[in-house]
Amino acid sequence: MNITMILGTESLGVRGLSCEVQVEDRKVVIDPGVALGYWRHGLLPHPSQVAVGEQSRGKIVLAGLPLYLARLSPRQRRLAWENGLRLAREVDTLILDHHLLRDEAGLRWRDQLASAAGRRVFYAADFMDHPRCLLEARRVQSYKEMPV
């Protein structure tokens, strides 16, 4: 499976996370914003769905930790760090975006994670060689600079 295009996410100036992937001769758009949930009709994902996930182990796109949520406990933050570090060390390409970049603290968190893992960890914009456009993270600043 190859990520052919990241259509929208926070580092590209869009509040969301959607991408296009190619599996053999098929292109699939993944948009978690329209996800139907893990359980559907009382059933877990079909093994064929799990198999597609197994093929993508080399490249992972994650929404990242929503650091902007004050309700996250120190334990949740520690677990997110440990999981992120383990992923960064285990996969070929790790792309963190979406929730992580709704606050500029996510920039520092990702940089610290990449440094600790000794590996590159991308934002979607960086992965696609596009300039970062952190509109959601800078929403308050935008209203101050350009009142509406």
### Summary
Long-range amide H partners of Leu17, meaning residues 5 or more apart or on another chain whose placed amide H is closer than 5 Å, are Gly33
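By average Cβ neighbour count within 10 Å, what is the ranking of 94-101, 76-83 from highest down?
Values: 94-101: 26.2, 76-83: 13.0.
Peptide ranking by packing, descending: 94-101, 76-83.
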### Task
Quick one: what are the phi-derived ³J(HN,Hα) couplings along the stretch 76-90, Karplus 6.51/-1.76/1.60 with θ = phi - 60°, whole Hz, x for glycine and proline?
5, 5, 5, 4, 4, 4, 4, 5, x, 5, 4, 4, 4, 7, 9
### Query
Which order do peptides 104-110, 125-131 fall in by mean Cβ count within 10 Å, highest first?
104-110, 125-131
### Message
Apply the Karplus curve 6.51 cos²θ - 1.76 cosθ + 1.60, θ = phi - 60°, to the phi angles in the stretch 113-125 and return the couplings in whole Hz, x for Gly and Pro.
### Response
5, 4, 5, 5, 7, x, 9, 7, 10, 9, 9, 4, 4
### Task
Using the Karplus curve 6.51 cos²θ - 1.76 cosθ + 1.60 with θ = phi - 60°, work out ³J(HN,Hα) for each residue of the stretch 140-146 in order, rounded to whole Hz, and write x for Gly and Pro.
4, 4, 4, 5, 5, 6, 9
### Task
Search the structure for amide H atoms under 5 Å from the amide H of Leu65, placed 1.01 Å from N in the peptide plane, and list their residues when 5 or more places away or on another chain.
Leu100
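Bear in mind that the values in this text are calculations on the coordinates, not laboratory data. All figures in this text were calculated on a predicted structure; none of them were measured in a lab. Reconstructed Cβ throughout: ideal geometry from the backbone, glycine too, with neighbour counts over all protein chains shown.
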